[in-house]
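Please read the structure below before turning to the comments.
The values are calculated or read from the model by the stated rules, or taken from the named source; none is laboratory data. Here the structure is a predicted model, which is why all the values come from computation and not from measurement. All Cβ positions, glycine included, derive from the backbone under ideal geometry; neighbour counts span all protein chains shown.
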Amino acid sequence: MVTPESVTVSLSTFTLIALAEIGDKSQLVCMTLAARHRHWPVILGASLAFVVLNLLAVLFGAGVAAWVPERLMAGIVALLFGGFGIHALMSRESDDDEAVAERPGHGIFFTTLLLILVAEFGDKTQIAVAGLAGSLAPLPVWLGATTALVLVSALGVWAGRTLLQRLPLHWLHRIGGAIFLLFGLLAAWRALMAG
């Protein structure tokens, strides 16, 4: 059942994850592969990878939340998000130039799937999704995060560098960092009010 709270959770998750992912490894993978191959297999491979990765993150986050007291979980989430926010605010453009290597011997769908699974497993966005699922409703978190990651990857495929020509990448990282800090403060407030 769709409630106003679940819509808010999905939109908040979508915003946080989309801003955190712009210019990140998975978007660069999609940009690089789409420059040399058909677009749809790249988008579909990335989408399946994000469905799997976010499902694992949500299951882990919700599972941990069931065993860890709410106050402690909110404190852990606050620390993680604060760290991610500070890291994003301090990143420089040179930190974002990572080479992307294609896996030979696979179709482009499976190449994209494997590259995204490897690049994003344990990445800040997957940890953020697990943290959000530990303190918010898991299904709306999964829906918001997966939609954000698929959309950002599609933007990487279709828009490529044209999006980044209008707004420098370091400003997008700063906006994402500020949102991580805001979520961290909200989680810290929740930790203080719990119990």
Filtered residue count, region 1-31, keeping only those that are within 15 Å of V157 (Cα to Cα) and either surrounded by fewer than 21 Cβ atoms within 10 Å (Cβ to Cβ) or β-branched (V, I, T) (or both): 4
Qualifying positions in region 53-68 - out of contact with any helix residue (DSSP H, G or I) (no Cβ under 7 Å at 6 or more places or on another chain), assigned to a helix (DSSP H, G or I), hydrophobic (A, V, I, L, M, F, W, C) and over 10 Å from Q126 (Cα atoms): L59, A66, W67
Which listed residue is at pLDDT 90 or above and under 16 Å from the mean Cα position of the chain (by Cα), from L115, L132: L132
Filter result for the condition that a residue is in a helix (DSSP H, G or I), among the small types (G, A, S) and surrounded by fewer than 22 Cβ atoms within 10 Å (Cβ to Cβ), over A35, A46: A35
